[in-house]
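Each remark here refers to the structure printed beneath this line.
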Amino acid sequence: MNNSNYMIYESDILWRRRHQSNMRILIYGAGVIGSLYAVLFSNAGYDVSIYARGYRLEKLRAKGLLYLENKKIKKARVKLCSKLSDTDIYDFIFLTVRNNQLKKALTELRTNKSKCIVTMVNNLFEYKELEKIAGKGRIIQAFPGAGGSITDDILDASLTPRFIQSTTFGEITGVKTKRSKYLAQIFKKSKIPYQEIRDMHKWQLCHLAMVIPIADAYYEARCPKEVGLEKDIMQRTAKRLRRNFILLKRDLGEISPWKLNVFIIVPVKISAFVLRILFKSSFGDKFMYRHSMKARDEMIRLRREFYGYVLR
């Protein structure tokens, strides 16, 4: 074995040892998604810190990160921080902020020496544009498969079922790397369903094509929580979903993941009927209604950006 290969091998072994013991993870953003992944990573044995500010930071300092599990309130083993120095280095930083906060967060992390930033954010930015802010080679694209809410400072959230949406990630280059393998190991050890794909930008466009009409349905309803009862809105939502995926298939050549072709293949009447059931379900309440109503400004902004992209 030559010296260069030995150094790579030795580095890999050292990384694996850290992975098994004291890997450091920073969750940048203490909302529903950030808090849930912090809990899951911590419960898997990782050294987890949460970067928070304002009201949420005050509550976390006063009470800790409280979460519901099997109808019991528990406290996660996490550290809190409100400042991040350039030499405070983490193996992975997970950005779980809103779309309009992404560039600001990356600007703040520009001089930090941590090498891997996982962006778990709804966005239409070209990732080369984001690399210009954070530094080339630092970003791993990802999207969470989770939902819920924080009520009375207690996290009530969970992962979405695997067959609906796993936590999805991929390198900007589309090539699997050593660090993407380690990221997969983190998710596996934390019992988080995941998938690694080649083109996260295409995947996120398709994701937005689905969630924007769903959010619009709530915003147009007389009573958002009961929108599943409004047949005209369900019909309109099914038509919008079909139109969005037809436009994306025309522009992208394919839909990612393939299963979303169902919105093109299935007749609108059947889609509308299924949507009525979905919107009235407990799944719809936890993973669709709560996020749509809490992140209304973000979804309206993403709606404008998405349709500006597909109708250009």
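Does K188 satisfy being touching a Phe, Trp or Tyr at 6+ places or on another chain (Cβ under 8 Å) and loosely packed, with under 15 Cβ neighbours inside 10 Å? So K188 passes the test. Summed over segment 161-191, the residues that are of a type outside the set (G, A, S), touching a Pro at 6+ places or on another chain (Cβ under 9 Å) and at pLDDT 95 or above give a count of 3. Considering segment 17-28, and only residues there that are open to solvent by 10 Å² or more (accessible area, probe 1.4 Å) and modelled with pLDDT of 95 or more, the residue that is farthest from the chain's Cα centre (by Cα) turns out to be R24. Note on segment 202-312: enclosed helices (runs of 4 or more DSSP H) holding 2 or more residues that are within 26 Å of L102 (Cα to Cα) are 231-252, 290-294, 296-310. Listed by first and then second residue, the pairs linking a residue in segment 130-146 that is more than 14 Å from I93 (Cα to Cα) to a residue that is open to solvent by 20 Å² or more (accessible area, probe 1.4 Å) and in a loop (DSSP other than H, G, I, E, B), with Cβ atoms under 6 Å apart and 6 or more places separating them unless they lie on different chains, are G145/Q165. When residues in segment 53-88 are screened for being closer than 24 Å to M23 by Cβ, small (G, A, S) and either open to solvent by 60 Å² or more (accessible area, probe 1.4 Å) or at pLDDT below 95 (or both), 2 of them pass.
Yes/no per residue for (1) in a strand (DSSP E or B); (2) out of contact with any helix residue (DSSP H, G or I) (no Cβ under 8 Å at 6 or more places or on another chain):
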| site | (1), (2) |
| --- | --- |
| N122 | no, no |
| K128 | no, yes |
| K132 | no, yes |
| K136 | no, yes |
| I140 | yes, no |
| G147 | yes, no |
| S158 | yes, no |
| R162 | no, yes |
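Restricting segment 189-201 to residues that are out of contact with any strand residue (DSSP E or B) (no Cβ under 7 Å at 6 or more places or on another chain) and in a helix (DSSP H, G or I), the residue that is nearest to F245 (Cα to Cα) is H201.
The one condition from (1) closer than 22 Å to L57 by Cβ; (2) aliphatic (A, V, I, L, M); (3) surrounded by 17 or more Cβ atoms within 10 Å (Cβ to Cβ) that A134 does not meet is (1). Entry remark, segment 232-289: residues being in contact (Cβ under 8 Å) with a residue 40 or more places away in the chain, more than 22 Å from H201 (Cβ to Cβ) and β-branched (V, I, T) number 1 in total.
Per the conditions (1) touching a Cys at 6+ places or on another chain (Cβ under 7 Å); (2) open to solvent by 30 Å² or more (accessible area, probe 1.4 Å), the sole criterion not satisfied by E126 is (1).
The values are calculated or read from the model by the stated rules, or taken from the named source; none is laboratory data. Just so it is clear, the model here is predicted, and its values are computed rather than measured. With ideal geometry, Cβ positions are generated from the backbone for all residues, glycine too; neighbour counts draw on all protein chains shown. Side chains are part of the model used for accessible areas, which takes the heavy atoms of the whole protein and leaves out ligands, DNA and RNA. Shrake-Rupley method; radii C 1.70, N 1.55, O 1.52, S 1.80 Å.
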